[in-house]
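Here is the structure we will look at, set down as structure tokens.
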Amino acid sequence: MTNFLTGEELGAFELGKLLDRAAELKAGRREGAGRDALAGRSVALVFERPSTRTRISFEVGVSELGAHPVVLRGEEMQLSRGESVGDTARVLSRYVDAIVIRSGSHETVAALAEAAEVPVVNGLTPLHHPCQALADLLTMRERFGDLQGLRLAYVGDGNNVARSLAILGELAGVEVVVAAPAGYQLEEGHGAKLIADPRAAAAGADALYTDVWVSMGDETEAQRRRADLAPFQLDADLLAVAGEGAIVLHCLPAHPGEEISAEALYGERSAVWDQAENRLHAQKALLELLVTEER
Ligand code: CP
Ligand code: NVA
């Protein structure tokens, strides 16, 4: 695997190994598991958009692997003054061993990866959020053991998070069902079942998942989105039709009372805090694999 932009770069076996390693790094964290894996390396973390979890989990993760994180905001780089993405990639490649980037344009991330001589990791674009899906699968595996045959119902906006869940869920053998209103549904072709009825999606599901109704970049449509997506709230009614041991997932940040009820978010079925923590462990395993693999 050279880059990690959509999750399609991984094979099923490799994904299983990555999740195994993430679990190992998590269990051994306090004993320093993976401490020297990237000793002497550096990783650039470029953020053109806000982030709490991705930014902090990558910065802490890089440092726990023994490498140096170079955190960069888009506006402090010459990129913001017109230096090309290609030139930026070529120059960063001479300094660092990997580049993680969050951008408002998937094309920018793809172009960066094209020109870079080091692995590039997508830290979220409007199209994909594959690092999130790794943590989501790790969380489901912790709760249920084997991923094969589990059913995950994603309810709400068919966005970057839903797309990455569809792609990586299929690879892991998880049945992903996305319930979204017309105009907000994912395109076919990622392996997920696409339907309109949130209750039908939730029926018998092992995990109920939702994400914000107004993603970064969607702010001008906020009012319309909140109105259209209102029937798709993840709440107690939806949980009542899910499987007996079903868990609640949300990539965060959450808006209790909008896409998820406070009861569901903070209730006993919620796994969202473990899910947020698992970003750290999954991304450490990903970086180990990308940076130490022969290119
Ligand atoms: N879930 C997630 O990516 O959160 P941040 O936007 O805070 O990084
Ligand atoms: N879909 C959201 C995810 C935030 C982590 C967004 O793109 O803003």
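Select from segment 100-112 the residues that are open to solvent by less than 10 Å² (accessible area, probe 1.4 Å) and under 18 Å from the mean Cα position of the chain (by Cα) and write down the one among them that is nearest to residue 160 (Cα to Cα).
Among those residues, the one meeting the criterion is 103.
Residues that are more than 19 Å from residue 219 (Cα to Cα), open to solvent by less than 20 Å² (accessible area, probe 1.4 Å) and among the small types (Gly, Ala, Ser): does segment 136-152 have at least one?
no
Could you say whether any residue in segment 127-135 is within 23 Å of residue 204 (Cβ to Cβ) and more than 14 Å from ligand 2 (Cβ to nearest atom)? Break it down stepwise before answering.
Start the filter on segment 127-135 by keeping residues that are within 23 Å of residue 204 (Cβ to Cβ), which leaves 133.
Now restrict to residues that are more than 14 Å from ligand 2 (Cβ to nearest atom): none.
Within segment 127-135 (the criterion being within 23 Å of residue 204 (Cβ to Cβ) and more than 14 Å from ligand 2 (Cβ to nearest atom)), the answer is no, since none of the residues qualifies.
Need pairs with beta-carbon distance below 8 Å; first residue farther than 21 Å from residue 102 by Cβ and charged (D, E, K, R) and within segment 126-145, second open to solvent by less than 60 Å² (accessible area, probe 1.4 Å) and within 12 Å of ligand 1 (Cβ to nearest atom); sequence gap 6+ or separate chains.
The qualifying pairs are 142/278.
The conditions are (1) farther than 14 Å from residue 46 by Cβ; (2) more than 12 Å from ligand 2 (Cβ to nearest atom); (3) open to solvent by less than 30 Å² (accessible area, probe 1.4 Å), and residue 118 fails exactly one of them. Which is it?
With (1) farther than 14 Å from residue 46 by Cβ; (2) more than 12 Å from ligand 2 (Cβ to nearest atom); (3) open to solvent by less than 30 Å² (accessible area, probe 1.4 Å) applied to residue 118, the lone miss is (1).
Need the failing condition index for residue 8 against (1) open to solvent by less than 60 Å² (accessible area, probe 1.4 Å); (2) in contact (Cβ under 8 Å) with a residue 24 or more places away in the chain; (3) not in a strand (DSSP E or B), just the number.
Going through (1) open to solvent by less than 60 Å² (accessible area, probe 1.4 Å); (2) in contact (Cβ under 8 Å) with a residue 24 or more places away in the chain; (3) not in a strand (DSSP E or B) one by one, residue 8 breaks only (1).
Conditions (1) buried (at least 17 other Cβ atoms within 10 Å of the Cβ); (2) under 22 Å from the mean Cα position of the chain (by Cα); (3) within 25 Å of residue 51 (Cα to Cα); (4) free of Cβ contacts under 8 Å to residues at least 40 places away in the same chain, marked per residue:
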position: 154; (1), (2), (3), (4): yes, yes, yes, no
position: 167; (1), (2), (3), (4): yes, yes, yes, no
position: 186; (1), (2), (3), (4): yes, yes, yes, yes
position: 192; (1), (2), (3), (4): yes, yes, no, yes
position: 196; (1), (2), (3), (4): no, no, no, yes
position: 204; (1), (2), (3), (4): no, no, no, no
position: 208; (1), (2), (3), (4): yes, yes, yes, no
position: 248; (1), (2), (3), (4): yes, yes, yes, no
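Here's the yes/no breakdown for (1) open to solvent by 70 Å² or more (accessible area, probe 1.4 Å); (2) among the small types (Gly, Ala, Ser); (3) at pLDDT 95 or above; (4) closer than 28 Å to residue 126 by Cα:
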site: 16; (1), (2), (3), (4): no, yes, yes, yes
site: 23; (1), (2), (3), (4): no, yes, yes, no
site: 43; (1), (2), (3), (4): no, no, yes, yes
site: 59; (1), (2), (3), (4): no, no, yes, yes
site: 86; (1), (2), (3), (4): no, yes, yes, yes
site: 89; (1), (2), (3), (4): no, yes, yes, yes
site: 98; (1), (2), (3), (4): no, yes, yes, yes
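Looking at (1) open to solvent by 40 Å² or more (accessible area, probe 1.4 Å); (2) touching a residue at least 40 places away in the same chain (Cβ under 8 Å); (3) out of contact with any helix residue (DSSP H, G or I) (no Cβ under 7 Å at 6 or more places or on another chain), find the lone condition where residue 243 falls short.
Just one mismatch for residue 243, condition (1).
The values are calculated or read from the model by the stated rules, or taken from the named source; none is laboratory data. Everything quoted here is computed from the prediction, not taken from an experiment. Don't worry about glycine lacking a Cβ; one is built from the backbone with ideal geometry, like all the others, and counts go over all protein chains shown. Heavy atoms of the whole protein, side chains included, go into the accessibility calculation; ligands, DNA and RNA do not. Shrake-Rupley method; radii C 1.70, N 1.55, O 1.52, S 1.80 Å.
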